[in-house]
Amino acid sequence: MASNGALAAERIGLVAGSGRLPLLVAEAARARGLAVVAVAHRGETDPALESRVASLTWVRVGQVDRILRALRAGGVERAVMAGGLGKVHALSNARPDLGAIRILSRLRSLGDDGLLRAVAGYFEDRGVRVVAATELLPEVLAPEGHLAGPKLNPAQRADAELGAQVARALGRADVGQTVVVKGGAVLAVEAVEGTDATLRRAGELGGRGGVVVKLCKPGQDERFDLPAVGEKTLEVMREAGLSALVVEARRTVLLDAAALFRAADRLGISIEAMGSHK
């Protein structure tokens, strides 16, 4: 139960997926004096979130009306969505309720951005405004330029430029955000399997030295699903033998940036943030 102090504080909702970002958002909100009314997804969200919020409700993927009821019961008028959902897990474990069925019936496709926009619209029509997580955490966005590790060599930069072109084409189709290129050949593109599986597949196909490019989709709604990278991303890259990570400045979330940069220096993996192309 929330304390009397938490009840008196302004409230913000948190619809939490996987990874570190929901924890960081909860900590930032609490530091600003906000009481966090959180909804977490079973099998996805870190249980450690419970100690950082005023209240926590567990749901299954697809229980849209249950999420909305929990937020409204908590007195929430604005909420953030933070953290991803494993697509394979979501497809096999979803429990769509009436709200989800209503949303899905109006969609032409199940692309990430279109689906999340529709969910946000459903919430807003019912009194809960969805805002960007980065409003609470602007400091987590990547600055432009060379960030850590060795600087890109000319061959890596050429691969990064090709990867960016392919990533934008992939994003326009609302498919994925990540592309891996080596020596001018596209080794892997992200689809339903997620970033880590894409990186591992690239390593299996191309051996050592591939360049990873992870960008926002053109026209992406920045309230949710911004690209995020962290120390785990670099560990998977190391396992796959990939040499460089190129992201988009001011539109990529760096999870625990100091630890990320230390890991890049230790592993000899280049990290660079290119200028934004909205």
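The values are calculated or read from the model by the stated rules, or taken from the named source; none is laboratory data. Note that this is a predicted model, so its numbers are computed, not measured. Glycine also receives a Cβ, built like all others from the backbone with ideal geometry; neighbour counts cover every protein chain displayed.
For the residues 121, 163, 176, the requirement of being part of a helix (DSSP H, G or I), of a type outside the set (D, E, K, R) and crowded, with 20+ Cβ neighbours inside 10 Å singles out 163. Give me the residue from the stretch 247-261 that is out of contact with any Lys or Arg (no Cβ under 7 Å at 6 or more places or on another chain) and part of a strand (DSSP E or B) and, out of that set, nearest to residue 275 (Cα to Cα). Restricting to residues being out of contact with any Lys or Arg (no Cβ under 7 Å at 6 or more places or on another chain) and part of a strand (DSSP E or B), the top hit is 248.
Selection of the stretch 192-246 for residues being under 13 Å from residue 269 (Cα atoms) and assigned to a loop (DSSP other than H, G, I, E, B) yields 208, 209, 210, 230, 241, 242, 243. Within the stretch 227-255, the set of residues being at positive phi and touching a Leu at 6+ places or on another chain (Cβ under 8 Å) comprises just one member, 250. Quick one: is residue 213 of a type in the set (A, V, I, L, M), in contact with a helix residue (DSSP H, G or I) (Cβ under 9 Å, 6 or more places away or on another chain) and at pLDDT 95 or above? It is true that residue 213 is of a type in the set (A, V, I, L, M), in contact with a helix residue (DSSP H, G or I) (Cβ under 9 Å, 6 or more places away or on another chain) and at pLDDT 95 or above.
Against the conditions (1) assigned to a helix (DSSP H, G or I); (2) surrounded by fewer than 19 Cβ atoms within 10 Å (Cβ to Cβ), residue 150 satisfies every one except (1). Cβ contacts < 8 Å: first residue assigned by TED's automatic domain parsing to the domain that holds residue 189, restricted to the stretch 162-176; second residue part of a helix (DSSP H, G or I) and of a type in the set (Gly, Ala, Ser), any location; separation 6+ or different chain. Result? Going by the 8 Å Cβ cut-off, the qualifying pairs are 174/114. Scanning the stretch 37-55 for residues that are out of contact with any Ser or Thr (no Cβ under 8 Å at 6 or more places or on another chain) and farther than 20 Å from residue 94 by Cβ turns up 47, 48, 49, 50, 51, 52, 53, 55. For the stretch 240-260, a tally of residues being within 16 Å of residue 195 (Cα to Cα) and without any contact (Cβ under 8 Å) to a residue 40 or more places away in the chain returns 2. With respect to (1) surrounded by fewer than 17 Cβ atoms within 10 Å (Cβ to Cβ); (2) in contact with a helix residue (DSSP H, G or I) (Cβ under 8 Å, 6 or more places away or on another chain); (3) of a type outside the set (Lys, Arg), the lone exception for residue 264 is condition (1). State whether one or more residues within the stretch 123-133 are at pLDDT below 85 and out of contact with any helix residue (DSSP H, G or I) (no Cβ under 8 Å at 6 or more places or on another chain). Checked the stretch 123-133: no residue is at pLDDT below 85 and out of contact with any helix residue (DSSP H, G or I) (no Cβ under 8 Å at 6 or more places or on another chain).
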